[in-house]
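Let me begin by presenting the structure, written as structure tokens, before commenting on it.
Throughout, read-outs are computed from the coordinates displayed, never taken from laboratory work. What you see is a predicted model; the values in this text were computed from it and never measured. We place every Cβ from the backbone using ideal geometry, glycine too, and count neighbours over all the protein chains shown.
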Amino acid sequence: MTEPLLSVEDLYIRFKTYAGTVHAVNGMSFHIHPGEIFGLVGESGCGKSVTGLAVLGMVPYPGEVIAGRILFHGENLLQKNRREMEQIRGGRIAMIFQDPSASLNPVFTVGSQISRIIRHHRRVDRHEARALALAGFEAVGLPDPARIFRAYPHELSGGMQQRVMIAMALASGAELLIADEPTTALDVTIQAQILALLNDLRAAQGVSILLITHDLGVVAETCDRVGVAYAGSIVETGPTAQVLYQMKHPYTRGLLEALPRPSHRGKALQSIPGSVPSGLDLPSGCPFWPRCPEVMDICREQKPLPTRLDEVGHRVACHLYSREGQR
Amino acid sequence: MSRTPLVETRHLYKIFRSQSGLFRREKKEVRALNGVSLTIYRRETLGVVGESGCGKTTLGRTILRLIPPTSGQILFEGQDIAPLDRRTLRPYRRHMQMVFQNPYTSFDPRFTVLKSIAEPLVAHTDLRGDRLVARARELLQQVGMPGEILYRYPHEFSGGQLQRLAVARALALNPKFIVLDEPTSALDVSVQAQIINLLKQLQADLHLTYLFISHDLSVVQHISDRIAVMYLGQIVELSTADTLFQGGALHPYTKALLSSAPIIDPQLRRERIILPGNPPNPANPPPGCAFHPRCPVAVDVCSKVEPSLLEVESEHWAACHLVGKEVGA
Ligand SMILES: Nc1ncnc2c1ncn2[C@@H]1O[C@H](COP(=O)(O)OP(=O)(O)OP(=O)(O)O)[C@@H](O)[C@H]1O
Ligand SMILES: Nc1ncnc2c1ncn2[C@@H]1O[C@H](COP(=O)(O)OP(=O)(O)OP(=O)(O)O)[C@@H](O)[C@H]1O
Ligand code: SF4
Ligand SMILES: [Mg+2]
Ligand SMILES: [Mg+2]
């Protein structure tokens with residue numbers, strides 16, 4: 001198997017706030033291979049966005065990375081200085097967000113913004129930058145690239161703005177695209193366009209994608225592998241089919257059963273009792289134990305480590321499968 | 001189930017005349033509802049789906065007379081409430097309630113749970129003192145919340161708990177009809193399931209009628225008896241949930257919409273129809289069928305003549321030149 005392009009290893013991030021210390025990310029680990037789409041999925045507040053930002057060295061104040069490694073091409077990004085990170089950010093690693101309008105400056109044309117970014121990351125002159133931008137617009141299926149180049153952000157719809165963001169990432173030569181809920185704010189028909197586009201880019205240009213989402217349907221249709229996060233760490237990971245159709249973790253099972261599906265019509269949905277724990281006050285042991293239908297004594301005391309279940313890399317962090325839990 | 005209409009709209013129009021210069025060069029008039037006629041039967045759930053800005057919220061708010069219609073009729077138990085004023089509307093208000101998408105902004109942070117839930121009771125009934133508190137406790141119990149939280153404040157609750165409280169408040173006056181505007185969109189899936197189950201349970205126990213607005217097709221499919229599909233201020237298709245989701249959709253937009261939703265179970269996946277282009281600007285709708293610029297099967301007549309909503313099969317309405325008898329030239 002090839003070397004991973006990115007691997008996040010045992011990452012811890014906390015926020016010191018006036019209300020106390022928020023343990024946002026607690027031992028997050030996953031990796032992404034070249035040309036792969038990896039889905040990071042989980043409920044609100046489980047640390048998806050903060051993890052994505054950490055890869056770019058952009059954890060917002062008062063957050064800090066307190067442990068772990070983030071290896072990109074084998075180099076630890078957490079040890080890079082500010083200048084080195086600035087060069088990587090928006091260049092070899094690019095990020096797109098849920099609300100594209102927040103990433104685009106309303107007072108400049110789309111073209112001038114994308115040209116500036118391209119020239120920051122590539123040694124080209126204005127004309128070459130423009131040509132690259134137009135080619136980028138073309139590649140993401142934007143109609144009439146020259147018009148888009150002259151347009152101001154508010155003249156474009158949300159779906160078009162998101163395409164511009166993706167074009168920007170490509171034109172500056174990104175190898176890894178971190179897409180944080182890129183379609184959550186869009187309509188389903190537009191979401192379908194954007195997801196198809198991400199898939200094409202991966203195929204045509206070999207871009208790797210970290211796709212952050214809370215939508216298991218999106219994962220099922222676009223991701224090669226997936227990690228299910230709960231309270232700041234991965235509870236189950238593996239090829240999408242293993243995790244979604246042969247899930248082992250009680251939380252993954254609970255999530256899938258809570259979703260309305262045609263086979264559930266007319267019946268009550270299964271729901272997971274209680275709600276997601278706050279990062280201010282995490283339970284000891286397995287973070288899921290207060291809501292888990294299968295909780296055992298050991299779950300309250302010891303946090304389960306990921307156990308490998310098979311040869312394709314299906315892993316689950318749950319004492320039902322851990323060595324400690326078997327005793 | 002006997003099918004008596006509870007709410008009907010006839011040729012309902014709502015035109016917003018906006019002062020903002022957002023759509024420069026274009027006329028600043030948005031037809032948010034462009035002639036909507038539909039019937040909502042007692043004790044049913046009518047789902048409303050469609051893309052952002054197609055008029056779903058406006059439909060709900062206009063039916064409840066939270067905003068006045070530009071023209072058309074709104075019949076509640078046969079009475080046209082469209083022309084009523086504040087005072088004459090008052091007796092109808094208690095029968096019709098709304099639950100909104102964002103539970104965090106639905107409550108005044110300075111008010112206790114009791115004060116928030118009791119607000120409609122104080123405004124519309126003469127319940128006071130112990131009897132008011134008793135009714136509030138009863139409402140909490142109905143939505144599965146413990147009675148002792150009456151004196152707590154909104155910030156002490158999670159989104160799902162707040163949405164339960166919003167439902168409790170909507171139930172306070174024993175309404176007959178509730179508009180649920182994306183009531184689970186801000187919630188996590190594990191919590192969404194709790195709220196959906198609660199809404200179904202309450203509907204059965206209290207004989208409620210729902211207009212359920214959502215952009216989440218799987219949620220709408222789960223909860224609705226019938227579904228109205230909207231596009232640019234109009235209903236383009238209306239049928240039973242079973243028909244639409246079991247391959248019976250007729251309108252090209254509905255077909256594309258249903259095929260766009262990502263599906264977990266691989267054996268349920270349909271061939272995806274990816275629509276070109278973007279939803280049109282509601283301030284400047286295309287002529288003819290509003291959907292024609294994105295429609296994969298549009299013919300000549302579509303760009304010229306507006307199709308009307310026709311009952312193509314029993315219980316199944318669609319507005320498309322290529323559907324039913326009005327086949328395009
Ligand atoms: N600036 C901040 N100050 C304090 N806490 C923060 C800050 N940013 C994030 N957090 C906390 O970190 C945790 C993880 O947040 P994060 O935004 O990564 O969640 P998420 O998984 O992306 O959720 P969502 O699905 O809602 O986007 C949360 O508990 C959040 O409250
Ligand atoms: N108060 C208002 N003033 C001006 N225009 C409005 C107003 N309210 C809604 N509109 C416009 O009317 C149209 C319909 O809006 P509405 O909120 O009903 O859509 P929706 O289907 O609920 O969308 P969403 O899925 O985004 O909630 C939109 O074009 C919107 O911009
Ligand atoms: S470790 Fe225990 S509490 Fe956690 S998910 Fe597994 S069985 Fe449940
Ligand atoms: Mg996030
Ligand atoms: Mg709305």
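Taking label points 7 Å from Cα along the Cα-to-Cβ direction, A:Glu9 and A:Asp281 give a separation of 3.6 nm. Between the residues B:Pro69, B:Ile235, B:Gln194, the greatest Cα displacement towards the positive end of the dipole of the protein assembly as shown, with unit charges on the Cβ of Lys, Arg, Asp and Glu, is found for B:Pro69. Note on chain A: with charges restricted to the Cβ of Lys and Arg (+1) and Asp and Glu (-1), its dipole about the Cα centre is near 420 debye. Spatially, segment A:255-295 and segment B:132-210 are offset by 19 Å when compared through their Cα centroids. A Stokes-Einstein calculation at 25 °C with viscosity 0.890 mPa s, built on the Kirkwood radius of the protein assembly as shown over Cα pairs, returns a diffusion coefficient of 91 µm²/s. Each Lys and Arg adds +1 at its Cβ and each Asp and Glu adds -1 at its Cβ; summed about the Cα centre, segment B:113-235 shows a dipole of about 280 debye.
Across segment A:197-327, Cα pairs under 8 Å and at least six residues apart give a relative contact order of 20 percent.
Using a Gaussian network for chain B with springs between C-alpha atoms less than 10 Å apart, which of these wobbles most: B:Glu306, B:Glu271, B:Glu44? The residue that fluctuates most here is B:Glu271.
The distance linking segment A:203-219 with segment A:160-180 is 13 Å (Cα centroid to Cα centroid, whole angstrom). Of B:Pro83, B:Pro287, B:Pro91, the residue with the greatest mean-square motion in the GNM of chain B, using alpha carbon springs below 10 Å, is B:Pro91. For segment A:1-105, the square roots a ≥ b ≥ c of the C-alpha gyration tensor eigenvalues yield an a/c under 1.5, which makes the shape rounded. Each of B:Gly147, A:Cys46, A:Asn26 was placed along the dipole of the protein assembly as shown (beta-carbon charges, centred on the mean Cα), and the one lying farthest toward the positive end is B:Gly147. Using only alpha carbon pairs under 8 Å that are at least six residues apart, calculate the relative contact order of chain B and give it in whole percent. Relative contact order comes out at 20 percent. Between B:Ser314 and B:Leu206, the FRET efficiency estimated from the beta carbon spacing at R0 = 41 angstrom works out to 0.85. The modelled label-to-label distance between B:Arg17 and B:Thr88, using points 7 Å beyond Cα along the C-beta direction, is 2.4 nm.
Under the rule of -39500 (n - 2.57) per DSSP H run of 4 or more residues, summed and divided by the residues of the protein assembly as shown, what mean residue ellipticity at 222 nm is obtained, to the nearest 500 deg cm²/dmol?
Values: 21 runs with 203 residues, N = 656.
The per-residue figure over the protein assembly as shown is -9000 deg cm²/dmol.
When both bridge partners sit in chain A, DSSP labels roughly 60% of those beta bridges antiparallel. Using the Cβ-Cβ distance between B:Asp265 and B:Thr70 with R0 set to 30 Å, the FRET efficiency works out to roughly 0.10.
The label-point distance for A:Gln79 and B:Ala283, in a model that sets each label 7 Å from Cα toward Cβ, rounds to 5.5 nm.
Residue exposure proxy: A:Ile212, A:Ile166, ordered by other Cβ atoms within 10 angstrom of their Cβ from fewest to most, comes out as A:Ile212, A:Ile166.
Taking Cα centre as origin and charging only the Cβ of basic (Lys, Arg, +1) and acidic (Asp, Glu, -1) residues, the dipole magnitude of chain B rounds to 980 debye.
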